[in-house]
1. Considering the stretch 332-377 alone, what residues qualify as being under 23 Å from Ile238 (Cβ atoms), in contact with a helix residue (DSSP H, G or I) (Cβ under 7 Å, 6 or more places away or on another chain) and not polar (S, T, N, Q)?
2. Listed residues Leu298, Leu326; which is in a helix (DSSP H, G or I) and farther than 19 Å from Val33 by Cα?
3. Would you call Leu398 crowded, with 24+ Cβ neighbours inside 10 Å and either under 23 Å from the mean Cα position of the chain (by Cα) or in contact (Cβ under 8 Å) with a residue 60 or more places away in the chain (or both)?
4. Is the stretch 351-367 home to any residue that is crowded, with 24+ Cβ neighbours inside 10 Å and either among the acidic types (Asp, Glu) or more than 21 Å from the chain's Cα centre (by Cα) (or both)?
5. Within the stretch 336-387, track down each residue that is aliphatic (A, V, I, L, M) and under 22 Å from Leu298 (Cα atoms).
6. Could you please let me know if Val365 is of a type in the set (Val, Ile, Thr), touching a Leu at 6+ places or on another chain (Cβ under 7 Å) and in contact (Cβ under 8 Å) with a residue 24 or more places away in the chain?
7. Can you find a residue in the stretch 428-437 that is over 17 Å from Ala253 (Cβ atoms), free of Cβ contacts under 8 Å to residues at least 60 places away in the same chain and assigned to a helix (DSSP H, G or I)?
8. Can you tell me which of Leu111, Leu69 is modelled with pLDDT of 95 or more and surrounded by 22 or more Cβ atoms within 10 Å (Cβ to Cβ)?
Amino acid sequence: MQSSSKKYGPAYAAVTTLFFAWGFITSLIDPLVAAVKGIFSLTDLQAQLSAFAFFIAYGVMSFPAAALLSRFKSVPTILIALSMMIGGCILMLVAANIEIYELVLAGLFVLASGITALQVAANPLAAALGSPEGSHFRLTFSQTFNSLGTFIGPIIGATLFLEGVEVKHGEVITAEVRAEALAGIDAAYFWLAGMIAALLVFFYLSRNIVSQAAPASSSSGRSIGSMLSEAFQSKWAILGGLAIFLYVGAEVAIGTQMAFFLNSDSIWGHSDAIFGLPFTGRFSDGVPGVSLQEAAALTALYWGGAMVGRLIGSALLAKVNAALLLATFTGAAAAMCFYVFAVGGVGAGFVAIAIGLFNSIMFPVIFTLTLERSTASSEATSGFLCTSIIGGAFVPLLVGFVSGHSSYITAFIVPALCYVALCIFALSANKTQATNNVAEVATGH
């Protein structure tokens, strides 16, 4: 085992860095949505197109990425994915310099397409780089760094993108503030491009040792159409796909609207209550009320809750029925959304942030419950479930439409209904006996 650790240690460290990188990049979407609304004078719906452009890539690229992995194996797929991500970062740099929002959307789509291919290749690779008995630990450990990335991303993004930016009615962004926000976007994606380029060089130089450990493909060159057809013939693959669609959509919608929500006058716009909690004072700029920049940074607490919840949930899943635990977590999240919708006020800000704690186990549990009950192959089912992550593209658009025509508080009714549907899915799964034995599922979101 010691020999194995020495052999695969550097490669595994690099793969784990990939998990951190795509978590960090994905969570930058939250402050970016807030920034582009002010920079380009957009409506809530138009600003949410940033999330749409990013997450629609999962629907477009998941099956093509699986086909790419089947043909070219792990390392070439990772190199192609990293190259696409660099291309996406370059498009973002150009967009920030020539100030074209449509180019921002194109850059986000290319960047997310690369991340999609990266996830398809890196998840099983992280499990394979070492002894078989340590695969579960390695994958879980790598996914912990993914959660760390989603926690840090909003803090860095808020600092770079939102200095002085406000989007409340009547607020005017000066040319200087606009230029500084665009410069922050430029700087963020410049350094991201450099980091990704360094990873690309590392994987190219270590391609032989990583390739030796890469798991063998089981797809046997199957076409995208055949896998989709098989998935659509399974009731539980379809139900699981809908559940993933609603979960990712609700989670992303809350995250991308969180800064606007916390910054609103009816929540924390005129309150410093959050800064009375331990460790939150570092987010304060000393001015009464929560500015948009502070609100975007505080969004990290929402994603940090998911990281903590994943640790707690992992312990609970060892003792509690997974379907019933999922029903409990989704029911709690639905109740919290309904509280925000019905009550509002300063307390609603704390409740909204705490929803992240209950989001934590939803993706992996929905994934495994579906695989256990699906009559389609695990390959076809997994591909369909990953494609269903496009919920992160469509549900935020609906939430942006609702908030634009009412309020950020009212918009919480949309994720509330999503969580209710997920609770019904969990209860149905509890009543349905598993037909497949899922030994290991390499997933991450």
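The values are calculated or read from the model by the stated rules, or taken from the named source; none is laboratory data. None of the values given here were measured: they were computed from a predicted structure. All Cβ positions, glycine included, derive from the backbone under ideal geometry; neighbour counts span all protein chains shown.
1. Selection gives Ala333, Ala334, Ile361, Met362, Phe363, Val365, Ile366, Phe367, Leu369, Leu371, Arg373, Ala376.
2. Details: Leu298 fails: farther than 19 Å from Val33 by Cα.
Exactly one of Leu298, Leu326 is in a helix (DSSP H, G or I) and farther than 19 Å from Val33 by Cα, namely Leu326.
3. no
4. no
5. Residues satisfying the conditions are Met336, Val340, Val343, Val346, Ala348, Val351, Ala352, Ile353, Ala354, Ile355, Leu357, Ile361.
6. Numbers: of a type in the set (Val, Ile, Thr): yes; touching a Leu at 6+ places or on another chain (Cβ under 7 Å): yes; in contact (Cβ under 8 Å) with a residue 24 or more places away in the chain: yes.
Judged against the criteria, Val365 is a match.
7. Yes - at least one qualifying residue is present in the stretch 428-437.
8. Among Leu111, Leu69, only Leu111 is modelled with pLDDT of 95 or more and surrounded by 22 or more Cβ atoms within 10 Å (Cβ to Cβ).
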